[in-house]
Each structure stands twice: as structure tokens, then as C-alpha cells.
Amino acid sequence: MNVGPTMQDNVAAPKTNLSYQQTSQIQVPTDPTALQSVLTWFDQFQTAPVPRPLWLQCQLALIEGFTNAIRHAHGGLPSTTPVTIEVSISNRTIDIRIWDQGPGFDLNTVLKTKLRTHSLHDEGGRGLKIMYLVADHLSYCPTDQGNCLHLHKTYA
């Protein structure tokens, strides 16, 4: 098992209708210090057609999603347990997917509780709310690769 960051990139050639597509994936160990590698990797999307304020919001959502995977989903798992992140950008959308190997949870139930009862003085719980506010669609589902947190955002 690879415990260091690994990356896969796929940038489609421009088509005649001027469409843009970029997809990249990174896998890092369950280690909070791996966040720096994730952020460095995410920097490649600054040149994409994503408006800068939205890119910053998505970067914050990525930080929160990665941190939640490390702290909560992988809480009792070995540090070698991988977290896989994939970002896909087109000229109108950005999709962030984060796969964890934890037990999973019901995102809708937790979100309802967090959105209804969360206050500024709470120690945690802001991450899901931030992701919910950034995304047009937010889901968390089991897949063959583990549980997948999927944030989808459309922009003009």
C-alpha cells in the first residue's frame, strides 16, 4: 500500500466548443500533516475557469472534508489507511470527492441536527455546515472504494 501522496491527472484537449475538463486524484495517508500535500495538489486548479472566490470556498470545503475523514472516519484506523481525493472541473462545474475507509454515517440526519442546533460556541461541527453552504449538492455514500463524500458546485 502506498502511504505517500500519489497523483493522477487527466486534462482533456480543448474541443471546438471551447469546453474545459480537468480531473486529478491524490491519495494520502491518514495523517493531519498530509493536508499540506493536499493543498499543494489543489493549487493546480487555480488556473482553471473557476472564479477565484468559488475556488477559495471549495478549498475550504476540501480542508473540512479531508479533516473530517482523518478525525472522524479514520479515528481508530492505522495511519497507513489511505484517503483518496478527486477533483473534476469543467467550464461550468466542480466536483470534489473524498473517499474514506471508516464506518460511514447518515449525512442527511447529521446535517439536519447540525444546521438546527449548531452555535458559534460549539467546539466542532462547522465543517459539514461549511460544505453544505458551498455545495449545490452534497452527498455521502458507500462505494466500492469506501465511503464517498461528494461536493458538486455549478458556476457560470
Subset of the range 42-53 (residues that are touching a residue at least 40 places away in the same chain (Cβ under 8 Å) and part of a helix (DSSP H, G or I)): F42, F45
Members of the range 54-105 that are of a type in the set (K, R) and either part of a strand (DSSP E or B) or under 15 Å from V38 (Cα atoms) (or both): R97
Filter result (part of a loop (DSSP other than H, G, I, E, B) and either out of contact with any Lys or Arg (no Cβ under 8 Å at 6 or more places or on another chain) or surrounded by fewer than 13 Cβ atoms within 10 Å (Cβ to Cβ) (or both)) within the range 126-156: D136, D144, Q145, A156
Contacts under 9 angstrom Cβ, first residue in the range 79-106 being free of Cβ contacts under 8 Å to residues at least 40 places away in the same chain, partner crowded, with 19+ Cβ neighbours inside 10 Å, 6 or more apart: P103/A73; P103/N147; F105/A73; F105/Y140; F105/N147; D106/Y140
Enumeration of residues in the range 44-61 that are more than 12 Å from the chain's Cα centre (by Cα) and among the polar types (S, T, N, Q): Q44, Q46, T47
Residue within the range 28-36 that is acidic (D, E), surrounded by fewer than 20 Cβ atoms within 10 Å (Cβ to Cβ) and either closer than 16 Å to I98 by Cα or touching an Asp or Glu at 6+ places or on another chain (Cβ under 7 Å) (or both) present: yes
Some residue of the range 71-87 being closer than 16 Å to V134 by Cα and either surrounded by 14 or more Cβ atoms within 10 Å (Cβ to Cβ) or aliphatic (A, V, I, L, M) (or both): yes
From L128, L62, residue being under 21 Å from P29 (Cα atoms) and not aromatic (F, W, Y): L62
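Condition check ((1) of a type in the set (G, A, S); (2) at pLDDT below 95; (3) in contact with a Lys or Arg (Cβ under 9 Å, 6 or more places away or on another chain)) across all residues:
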{"residue": "H72", "(1), (2), (3)": "no, yes, no"}
{"residue": "T81", "(1), (2), (3)": "no, no, no"}
{"residue": "V87", "(1), (2), (3)": "no, no, yes"}
{"residue": "I98", "(1), (2), (3)": "no, no, no"}
Tabulated pairs, the range 129-156, first over 14 Å from D95 (Cβ atoms), second among the β-branched types (V, I, T), C-beta under 7 angstrom, 6+ apart or interchain: Q145/T84
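The values are calculated or read from the model by the stated rules, or taken from the named source; none is laboratory data. No experiment lies behind these values; they were computed from the predicted model shown. Cβ coordinates were reconstructed from backbone atoms using ideal geometry, including for glycine residues, and neighbour counts include every protein chain displayed.
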